[in-house]
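Contents: one structure, followed by commentary.
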Amino acid sequence: MSCAPTPDTPGDFPIRVRGLKNAFGDFVVHEHLDLDVRRGEILGVVGGSGTGKSVLMRSIIGLQIPDAGEIEVLGSAITDARDDDDIDIRCRWGILFQGGALFSTLTVAENVEVPLREFYPEIDDQLRHEIARYKVLLSGLPAEATGKFPSELSGGMRKRAGLARALALDPELLFLDEPTAGLDPIGAAAFDQLILNLQQTLGLTVFLITHDLDTLYEICDRVAVIADKRVIAVGTIPELLATDHPWIQQYFNGPRGRAAQNAQERNAELLHEAAAIAQDHVAQDQTAQDRTVAPARGQA
Amino acid sequence: MRATADFTTEPGADGGLTLTFRGPLLVSSIGSVDGRLRAVSDAVTAIDLGQIARIDTVGAWTAWSLSQRLGAPIVNASTDAQRLIAAVSGSDSNTDRIEAPRLPLFERVAANVGKFVIGSGAGILQVFGFMGQIILASGNLLRHPGRFRGNALFHQMELIGVNALSIVGLMSFLVGIVIAQQGSVQLRQFGAEFLTVNLVGRITLRELGILMTAIMVAGRSGSAFAAQLGTMKLTEEIDAMRTIGVSPIEALVIPRLLATMLMMPLLGVFGAAMGIIGGAFVSSLTLGIPFFAFLARIPEVVPLHDVWVGLIKGPVFGLIVATAGCFQGLQVKADAEEVGSRTTAAVVLAIFMVIVLDAFFAVFFTEVGWG
């Protein structure tokens with residue numbers, strides 16, 4: 001398996017889609033669909049059920065061959081690939097499928113090791129085991145979960161394990177298909193924070209399909225709306241609210257949209273107050289401590 | 001060409017050794033340097049990340065675990081590197097739980113034998129339980145005939161019977177050719193080549209037609225039952241049926257059982273006929289017995305009870321094949337691998353039981369005077 005080296009000067013748009021058309025028989029899912037994803041952003045993709053959000057993701061990652069159009073991911077033309085092996089950027093993306101899609105005969109840690117084994121066979125067993133372990137912990141699973149089989153995990157834990165596998169190669173691009181669907185609200189909020197954290201720490205570009213309004217408000221930099229077989233609008237939520245497309249208005253101004261918006265405003269206010277209080281009290285020495293946290297841990 | 005990571009150790013400003021990383025510290029570049037790093041045991045007093053080009057979590061982990069092991073602080077780390085190190089520092093180098101726990105060889109063998117014995121005992125009980133369920137469901141269907149699924153029955157009959165005609169026919173035809181050809185070579189030594197008709201006619205109608213068909217149906221349909229029901233079990237379709245009040249035995253198992261029992265004798269007779277045609281075909285070419293003369297002699301030399309033997313065995317073999325397939329399919333619990341192993345078990349069990357019962361039938365029918 002080949003792996004394209006990461007260029008030192010990355011382009012501004014890791015994903016570019018132009019004039020995409022997908023059809024199943026007579027049923028046209030996408031037509032003239034254009035989309036640009038900016039480097040380092042979390043792009044939320046929304047749309048009604050059956051508007052082809054997952055199909056769009058499958059087209060971008062080369063699982064679905066479109067009827068027309070061009071797709072470029074990390075500078076490599078996905079739509080020109082005639083063969084699975086032609087796509088040589090697979091080591092630079094990670095994908096979390098809706099159900100986790102873990103290999104059922106391998107343990108969680110072994111699942112995480114699969115991409116490492118495939119792309120970097122020179123890494124020896126000890127280091128690979130260590131990598132798998134910290135990825136699993138990083139995804140918010142307890143250490144005991146590493147030796148468990150997917151059938152022994154709950155749905156939420158399977159999603160976290162799937163995320164650990166998606167992160168196995170430290171990808172630049174992360175695709176998430178409904179990561180918080182089916183999680184309890186506390187678990188979903190924690191998962192949102194986890195994704196945001198990882199995105200900020202690792203500098204990821206995230207393509208996130210979701211129905212979860214809270215996720216959109218909390219972590220997405222921009223939101224792309226799919227309707228009428230194409231992306232009708234891309235922008236921040238205030239920008240989208242300014243458009244007068246009926247579906248967008250209904251989506252964000254429905255009862256659930258309002259609730260999510262209120263929650264986000266409340267959170268922002270609380271954060272603001274907390275920050276103000278903190279600033280008053282411990283201004284200088286706190287920031288000085290922050291800077292030395294990582295090296296100080298090294299001495300422990 | 002991939003860039004690789006590297007490191008040097010040299011005396012630092014404070015008199016101790018400083019380990020300095022160079023090059024990119026990435027998952028793609030770390031493999032070659034990791035072994036050498038683990039061999040470092042000098043009194044390193046600082047780990048310098050000031051010279052690295054880029055870093056990811058694997059690089060951060062390598063630096064962090066090294067600093068933990070040597071007790072040396074990391075210096076000159078960029079903000080990115082610090083953030084990454086903070087992110088991975090929750091983990092440790094303990095890797096015992098990566099693979100599923102395995103017992104030592106001796107214990108494993110003993111444990112597997114024990115599991116097999118207990119599992120076999122439980123399996124026999126479950127088979128009886130399954131048959132009991134089938135009898136109960138059949139009784140229910142007799143009392144409420146309206147619940148019977150005619151559509152499913154006819155659909156299964158098509159899959160099991162009609163769609164198998166070509167392969168069963170071709171196979172029986174070829175077997176008929178082999179028997180006639182090989183039989184005639186042996187019979188020629190006694191000058192009894194004309195008895196080839198008796199040989200082919202009796203063996204296909206009595207034994208081979210139905211036996212070969214049963215093996216083919218076990219491979220085609222028994223395996224399909226196990227895989228279908230097993231997958232439905234995994235996707236919770238069977239649980240869904242149960243909660244809606246539809247009995248999976250009535251809706252899935254009974255139509256398959258009935259369809260197999262109805263189609264087996266028909267396929268068996270068809271197979272026997274194709275075998276006789278194959279024999280007649282070879283005889284007309286090599287023995288000089290005309291094709292239609294061969295066929296015309298069949299009713300004269302084959303007693304009618306041979307046909308009955310074949311027809312009686314058909315539904316019994318069908319029952320075995322379908323029961324094995326459905327039973328194994330419904331036993332699936334865990335994962336995709338189990339669907340495969342259960343399907344294999346269904347086919348092996350079905351063919352084995354069919355051959356055991358065939359031997360029993362051969363003795364039985366001879367004893368009752370149908371020899």
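Coordinate-derived values only; no laboratory data. In this text the structure is predicted, and so the values were computed from the model without any measurement. All Cβ positions, glycine included, derive from the backbone under ideal geometry; neighbour counts span all protein chains shown.
A compact table of results
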| item | result |
| --- | --- |
| Condition check for B:T4: hydroxyl-bearing (S, T, Y) and either away from chain A (no Cβ under 12 Å) or over 49 Å from the mean Cα position of the chain (by Cα) (or both) | no |
| Matching residues, region A:118-168, being outside any helix (DSSP H, G or I), within 18 Å of B:V58 (Cα to Cα) and either in contact with a Phe, Trp or Tyr (Cβ under 9 Å, 6 or more places away or on another chain) or within 10 Å of chain B (Cβ to nearest Cβ) (or both) | A:Y120, A:P121, A:E122, A:I123, A:D124, A:G140, A:L167, A:A168 |
| Candidates A:G69, A:G48, A:G75, A:G44, filtered to the one that is touching a strand residue (DSSP E or B) at 6+ places or on another chain (Cβ under 6 Å) and in contact (Cβ under 8 Å) with a residue 60 or more places away in the chain | A:G44 |
| Odd one out for A:A109 among (1) more than 8 Å from every other protein chain (Cβ to nearest Cβ); (2) of a type in the set (G, A, S); (3) not in a loop (DSSP other than H, G, I, E, B) | (1) |
| Selection status of B:A81, in contact (Cβ under 8 Å) with a residue 12 or more places away in the chain, of a type outside the set (V, I, T) and within 14 Å of chain A (Cβ to nearest Cβ) | yes |
| Residue list for region B:56-67, restricted to those being under 22 Å from A:T146 (Cβ atoms) and facing another protein chain (nearest Cβ under 8 Å) | B:D56, B:T57, B:V58, B:W61, B:T62, B:W64, B:S65 |
| So A:G75, is it within 29 Å of A:T180 (Cβ to Cβ), over 17 Å from the mean Cα position of the chain (by Cα) and of a type in the set (G, A, S) | no |
| Residue list for region B:270-292, filter: in contact (Cβ under 8 Å) with a residue 40 or more places away in the chain and hydroxyl-bearing (S, T, Y) | B:S283, B:T286 |
| Residue within region A:107-118 that is within 24 Å of A:D228 (Cβ to Cβ) and surrounded by fewer than 21 Cβ atoms within 10 Å (Cβ to Cβ) present | no |
| Residue within region B:236-249 that is among the aliphatic types (A, V, I, L, M) and either closer than 23 Å to B:L266 by Cα or in contact (Cβ under 8 Å) with a residue 60 or more places away in the chain (or both) present | yes |
| Matching residues in region A:151-176 - criterion: being over 22 Å from A:S54 (Cα atoms) and either out of contact with any Leu (no Cβ under 8 Å at 6 or more places or on another chain) or surrounded by fewer than 23 Cβ atoms within 10 Å (Cβ to Cβ) (or both) | A:S151, A:E152, A:L153, A:S154 |
| Helices (runs of 4 or more DSSP H) (entirely within region B:30-111) containing at least 1 residues that are touching a Gly at 6+ places or on another chain (Cβ under 8 Å) | B:57-70, B:79-88 |
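To keep it simple, each residue is scored yes or no on (1) among the aromatic types (F, W, Y); (2) more than 30 Å from B:Q133 (Cα to Cα); (3) surrounded by 19 or more Cβ atoms within 10 Å (Cβ to Cβ).
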| position | (1), (2), (3) |
| --- | --- |
| B:Q186 | no, yes, no |
| B:L199 | no, yes, yes |
| B:V217 | no, no, yes |
| B:L252 | no, no, yes |
| B:M274 | no, yes, yes |
